[in-house]
1. Which of the residues that make up region 371-392 are in contact with a helix residue (DSSP H, G or I) (Cβ under 7 Å, 6 or more places away or on another chain), surrounded by 18 or more Cβ atoms within 10 Å (Cβ to Cβ) and among the aliphatic types (A, V, I, L, M)?
2. When the residues of region 310-354 are narrowed to those that are of a type in the set (G, A, S) and touching a strand residue (DSSP E or B) at 6+ places or on another chain (Cβ under 8 Å), which ends up nearest to ligand 1 (Cβ to nearest atom)?
3. Checking the condition in a helix (DSSP H, G or I), under 13 Å from the mean Cα position of the chain (by Cα) and assigned by TED's automatic domain parsing to the domain that holds T377, which residue from L174, L146 passes?
4. Output the number of residues of region 355-379 satisfying the condition of being within 16 Å of ligand 1 (Cβ to nearest atom), at pLDDT below 95 and not small (G, A, S).
5. Suppose the filter is buried (at least 22 other Cβ atoms within 10 Å of the Cβ), hydroxyl-bearing (S, T, Y) and more than 11 Å from the chain's Cα centre (by Cα); does Y179 pass it?
6. Run V103 past the list (1) touching a His at 6+ places or on another chain (Cβ under 8 Å); (2) within 15 Å of ligand 2 (Cβ to nearest atom) and report the number of the one that doesn't hold.
7. Got a number for residues in region 363-399 being in contact with an Asp or Glu (Cβ under 7 Å, 6 or more places away or on another chain) and over 14 Å from D352 (Cα atoms)?
Amino acid sequence: MPLAAVKTQADPDSAPAPRAEIGYTALRTLSLTGFRNHAGLRLDLSGGPVVLAGENGSGKTNILEAVSLLTPGRGLRSARTEALFQMRDGVRIAPQWAVAAQVNGVFGPVDLGTGCEATLDDDAKPGSLRRKVRVNGATAPSQSALAEHLAAVWVTPAMNQLFLDGGAARRRFLDRLVYAVDPAHAGRVTAYEKALRDRSKLLKESGPHGADQAWLDALEAQIAERGVAVTAARLDLTARLARVAAIGFGPFPGAEVSLEGVVEDWLVQGAALTAEDAFRAMLAEGRVLDAQSGGAAVGPHRSDLKVRHLAKGAPAEQCSTGEQKALLLALVLAHARLLTAETGTAPILLLDEVAAHLDGAKRTALFEAVLAHGAQTWMTGTDASVFDPLGEAAERFRVENAAVTPV
Ligand SMILES: Nc1ncnc2c1ncn2[C@@H]1O[C@H](COP(=O)(O)OP(=O)(O)OP(=O)(O)O)[C@@H](O)[C@H]1O
Ligand SMILES: [Mg+2]
């Protein structure tokens, strides 16, 4: 759809229409308390695209990070809970941080909240604090509960390295895409990682021969079962995504995507139960080496998402910086189109510092996609005028030293 056609759908004389319909995922309010540089912030939102513009260090990315924490995981900076408390001179100055939002969720309106409390004189050790989650005012047993209501996918400057870094960042990226189609995946990944950690701890503390063998067997059975389930969900999404991503989107390139790994090979060749048996046998055989290395030599924690630029016939890591960014956005947009076509719902998009760095044709295509996207898109930038082509449909805020004012 050309951008002009999208713009004419909005009446320029009226405020953005509230978008509360089922299937359109959006935050309608966002409140932050003691969160990074935001002592207290409340935004009331129409549901349309949100633009946050302001100087470096004003607090734009922090707001996107807060939104990202309304989904399972450590958010778009992979931050530890301790780092999220408002601090001054490296000292925690807020007894709690909290993020709350009224959301048009996948199944309708829902109040989501997350946060953490700690006494100010409590010297929180890394990993000692856990963030809590609330859904409609009730404490949820785990972060996974958030995935039932809201999915978010983000593109940040740190992800410029996504195709160059090790596989962990690409696995996290893929898992986030899976959460949006399969909310149970978040719990599955957590359960797999926990079983893996428990086995490593046991092997480290008692050694491969000294450890209780029945306990080791049981942990390896859990790892195999959960690991195969994680891999199956990733493979399923990758195959569906591959068909859409191959087509590209206007100036955004077509991409070939595939998932590589040992468990993937077993699953492609045979049934899930056979893959589980093979995985369990390999874990049992690998105890001595795994006890030395402190991990596990095989498993979905070693899988890798491979991406190729189809028109160039080159792997993503050999493409230019701009081409890699275009590939990443192409994947995110393909995922959004896939979900909209399959389920009628789409994840919220958090695009940190994306628009300003695109050439004109890609920026126009991105804005078209944002306006047609079946969920709210949040965008940041230092130059507000970059977002002018979005017209009246977007809500704009100026961020200045943590103060946020509608424009
Ligand atoms: N825990 C914290 N407590 C207080 N301030 C913090 C905390 N963590 C980060 N900050 C500060 O928050 C400020 C805003 O950071 P943020 O990344 O949101 O800025 P930004 O508007 O996205 O800037 P840029 O345009 O450079 O990306 C920074 O000055 C940073 O030092
Ligand atoms: Mg920023």
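1. L371, M379, V386, L390 - these are the residues of region 371-392 that are in contact with a helix residue (DSSP H, G or I) (Cβ under 7 Å, 6 or more places away or on another chain), surrounded by 18 or more Cβ atoms within 10 Å (Cβ to Cβ) and among the aliphatic types (A, V, I, L, M).
2. A326
3. Details: L174 fails: assigned by TED's automatic domain parsing to the domain that holds T377.
Just one listed residue meets the conditions, L146.
4. Of the residues in that region, 1 qualify.
5. On the way: buried (at least 22 other Cβ atoms within 10 Å of the Cβ): yes; hydroxyl-bearing (S, T, Y): yes; more than 11 Å from the chain's Cα centre (by Cα): no.
So Y179 fails the test.
6. With (1) touching a His at 6+ places or on another chain (Cβ under 8 Å); (2) within 15 Å of ligand 2 (Cβ to nearest atom) applied to V103, the lone miss is (2).
7. Counting residues in region 363-399 that are in contact with an Asp or Glu (Cβ under 7 Å, 6 or more places away or on another chain) and over 14 Å from D352 (Cα atoms) gives 0.
Let's see how each residue does on (1) assigned to a helix (DSSP H, G or I); (2) of a type outside the set (K, R):
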residue: R130; (1), (2): no, no
residue: P141; (1), (2): no, yes
residue: L150; (1), (2): no, yes
residue: V153; (1), (2): no, yes
residue: A158; (1), (2): yes, yes
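The values are calculated or read from the model by the stated rules, or taken from the named source; none is laboratory data. All figures in this text were calculated on a predicted structure; none of them were measured in a lab. So basically every Cβ, Gly included, is an ideal-geometry build from the backbone, and we count neighbours across all protein chains shown.
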